[in-house]
Amino acid sequence: MKNRSTIDEHLLLSYLKGEATEAQLQQVEAWLALDKGNAALLNKWKQAWQHAGAMADFAAIDVDKNWSQVQSKVQPKKTKQVFLLPKIWRVAAAILLIATVAFLGREFMNSSAGEMQTLMAASLNGEAAVLPDGSQVWLKEGSSISFPEEFSSVQREVTLQGEGFFDVTHNPEQPFIVKAKQTETRVLGTSFNLNASQEGERIELVLITGKVRFSTQEEVVVLTPGDQVMIDEIGKLSKKENSNGNFLAWKTGTLTFENTSMHQVMEDIANAYGITYEFENSAFMNCPLTTRFENESIENVLQAIEALFDIEINENNGTYIIKGNGC
């Protein structure tokens, strides 16, 4: 708890405005890592400003001048400088200040982002979607991405539904932000796979290059290459090293198995091809498989497994039933 005081409110304002430099981002991330309560406090600021609908006014505010005026009004008898993170009443004062400034008609950060557009995976025919900044996004079947015709001058924000692989153009002055379900992924320039196609709260991100900050309303984690972050069915966040080399099979068309249990094999195949399946006999789930598939149809993949194990795989109402008695 004692670590909560080691952050400057002006730095947090820059962070929430999307104007923080890479060094400042690292400073905020280090502060967030010191104490879980820091993330909760930061989230209160973020939620308060969002609810106030005042994000469009950040650029018009003289932070030093107006914050000093707020302090003088609520603390008229105190001359001592305050370095602690503001409490709720200071947050409320900041909201009142921002919500009542006379710049409600201005565009966010003096920049018009233009109309939003949405691209569906089906319209791309396997090709990458090229965003206004040159970043590329490959969408898995059934997925979509929404973004403005032109990004604002301070940040690049997109919304993902489903699963996509991102190759983000590096720009430290203009962070790239991906919104998916109740999460936010913030990067400067990197490549990663984000899967928000699963039901409920489940979501998964695997970082390939660069560095990203992944956050929910309650937690924030920083990932380095090879890291994986997951949110399970109940909304619990966990971070670990990625151990599944087939997580991009839906994009690359390559599936590689080395003494892999059939339980994991079918899970990877289902993710790559977007199918559902059931094991008729749970004993078959532990049978190991070593093989490699390159750009094969789902029919060819399943026929190869049938031949290797001398089993039957039948489709019933869109679900593949795997009939095997063991290894």
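The values are calculated or read from the model by the stated rules, or taken from the named source; none is laboratory data. Treat the numbers as computed from the prediction; the structure is a model and nothing was measured. Cβ atoms come from the backbone with ideal geometry, glycine included; neighbour counts cover every protein chain shown.
A few remarks follow.
- Count - residues of the stretch 298-325 that are outside any helix (DSSP H, G or I) and surrounded by 11 or more Cβ atoms within 10 Å (Cβ to Cβ): 12
- Residues in the stretch 189-211 that are in a strand (DSSP E or B) and over 24 Å from G142 (Cβ atoms): T209 alone.
- Any hit, the stretch 226-249, residues being surrounded by 18 or more Cβ atoms within 10 Å (Cβ to Cβ) and among the small types (G, A, S): yes
- If you go through the stretch 187-205 and keep only what is among the hydrophobic types (A, V, I, L, M, F, W, C) and either surrounded by fewer than 20 Cβ atoms within 10 Å (Cβ to Cβ) or more than 9 Å from the chain's Cα centre (by Cα) (or both), you end up with V187, L188, F192.
- Test: residue in the stretch 208-215 that is crowded, with 20+ Cβ neighbours inside 10 Å, among the polar types (S, T, N, Q) and not assigned by TED's automatic domain parsing to the domain that holds Q27: yes
- For I234, the requirement of being in contact with a strand residue (DSSP E or B) (Cβ under 9 Å, 6 or more places away or on another chain), of a type in the set (V, I, T) and under 24 Å from D268 (Cα atoms) is not met.
- Just one of the listed residues (E184, E157, E163, E141) is surrounded by 14 or more Cβ atoms within 10 Å (Cβ to Cβ), closer than 19 Å to V220 by Cα, in contact (Cβ under 8 Å) with a residue 24 or more places away in the chain and not β-branched (V, I, T), namely E184.
Matching residues to (1) outside any loop (DSSP other than H, G, I, E, B); (2) under 24 Å from A122 (Cβ atoms):
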| position | (1), (2) |
| --- | --- |
| E141 | no, yes |
| F147 | yes, yes |
| S153 | no, no |
| T159 | yes, yes |
| F166 | yes, yes |
| T169 | no, no |
| E173 | no, no |
| V178 | yes, yes |
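- When residues of the stretch 144-154 are limited to those that are farther than 16 Å from V130 by Cβ and hydroxyl-bearing (S, T, Y), the one surrounded by the most Cβ atoms within 10 Å (Cβ to Cβ): S152
- Flag for T254 being under 30 Å from F214 (Cβ atoms), within 28 Å of the chain's Cα centre (by Cα), exposed (fewer than 15 other Cβ atoms within 10 Å of the Cβ) and outside the structural domain of A122 (by TED's automatic domain parsing): no
- Looking across the stretch 251-301, just one residue is at pLDDT 95 or above and among the basic types (K, R), and that is R292.
- When M285 is tested against (1) in contact with a His (Cβ under 8 Å, 6 or more places away or on another chain); (2) within 22 Å of G164 (Cβ to Cβ), only condition (2) is not met.
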